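Heads up, the thing below is written out as structure tokens.
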């Protein structure tokens, strides 16, 4: 009898499994973004209105919800445009079948270089490539293709060198390019101390799945950018912990006191 039931309904089980997997991975992807709160608020609002209109038989509200459903779908696409673009980019890069993580020695070298630059009040911007190709950004700078070292990073970001104003791209323990131009985020940030270097970190991590490391030239503060968000004024231990979290799980704990959330714009 059980065998007959399985033969008749096995397709339903496959559909449930696929939908559950999509819902779970969607939840994991949006969990670390501001979009999760917006989506939760919209769902709570719409479900509340739908239940109230059904319970109290409010025909006008029910009619409005039905007619506005198409416009709400378009609004969601606009609101979550950065997240959707990142999802498609990650699918196109075949992230599920790739493994692109710098070795621990290279990560330690990056942290040590950031600390040294911080003490000297030298600004720095480093993007660690993950699965999405960053060739278009590397082509705006100068090819380096060298093993990571404190001395090399210190030379690149020294104020007297031609490459100090741009960003560095790191891939699997090597510096691919320096003096690169990253897209600058136009989103409003609560922390007014955030400058152009930090906005470039937000921009490049908004368009790719890279993680960015920033050293403030004015204060020497260490920051980390990921998925268009900025984690500001971190200790070296915090930077390493968040790097490990991103490179291992692809996520950072959403409940973080150091996070500066940009205001999402509709245009």
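The values are calculated or read from the model by the stated rules, or taken from the named source; none is laboratory data. Quantities reported herein were computed from a predicted structural model and do not represent experimental measurements. Heads up, the Cβs are rebuilt from the backbone with ideal geometry, glycines too, and the neighbour counts pull from every protein chain shown.
Residues that are closer than 30 Å to residue 209 by Cα and either in contact with a helix residue (DSSP H, G or I) (Cβ under 6 Å, 6 or more places away or on another chain) or touching a residue at least 24 places away in the same chain (Cβ under 8 Å) (or both) within region 61-74 comprise just one, 72. Counting only residues that are under 20 Å from residue 215 (Cα atoms) and free of Cβ contacts under 8 Å to residues at least 40 places away in the same chain, which one in region 134-154 is surrounded by the fewest Cβ atoms within 10 Å (Cβ to Cβ)? The residue in question is 151. Checking each residue in region 155-168 for being under 17 Å from residue 212 (Cα atoms), surrounded by fewer than 17 Cβ atoms within 10 Å (Cβ to Cβ) and touching a helix residue (DSSP H, G or I) at 6+ places or on another chain (Cβ under 7 Å) picks out no residue at all. Could you tell me whether region 112-126 includes any residue that is over 30 Å from residue 147 (Cβ atoms) and modelled with pLDDT of 75 or more? Among the residues of region 112-126, not one is over 30 Å from residue 147 (Cβ atoms) and modelled with pLDDT of 75 or more, which makes the answer no. Against the condition in a helix (DSSP H, G or I), surrounded by 10 or more Cβ atoms within 10 Å (Cβ to Cβ), at pLDDT 80 or above and over 37 Å from the mean Cα position of the chain (by Cα), how does residue 53 come out, does it pass? Considered against the rule, which asks whether it is in a helix (DSSP H, G or I), surrounded by 10 or more Cβ atoms within 10 Å (Cβ to Cβ), at pLDDT 80 or above and over 37 Å from the mean Cα position of the chain (by Cα), residue 53 comes out as yes.
Taken across region 33-46, residues that are surrounded by 10 or more Cβ atoms within 10 Å (Cβ to Cβ), modelled with pLDDT under 75, touching a strand residue (DSSP E or B) at 6+ places or on another chain (Cβ under 9 Å) and not assigned by TED's automatic domain parsing to the domain that holds residue 250 do occur, with at least one present.
Can you confirm whether region 12-29 contains a residue that is touching a helix residue (DSSP H, G or I) at 6+ places or on another chain (Cβ under 7 Å) and either at pLDDT below 75 or assigned to a helix (DSSP H, G or I) (or both)? Yes; the residues of region 12-29 include at least one that is touching a helix residue (DSSP H, G or I) at 6+ places or on another chain (Cβ under 7 Å) and either at pLDDT below 75 or assigned to a helix (DSSP H, G or I) (or both). Restricting region 242-261 to residues that are farther than 23 Å from residue 122 by Cα and outside any loop (DSSP other than H, G, I, E, B) leaves a set whose member that is modelled with the lowest pLDDT is 249. Among the residues of region 203-224, are any surrounded by 14 or more Cβ atoms within 10 Å (Cβ to Cβ), within 20 Å of residue 107 (Cβ to Cβ) and at pLDDT below 90? Scanning region 203-224 turns up at least one residue that is surrounded by 14 or more Cβ atoms within 10 Å (Cβ to Cβ), within 20 Å of residue 107 (Cβ to Cβ) and at pLDDT below 90.
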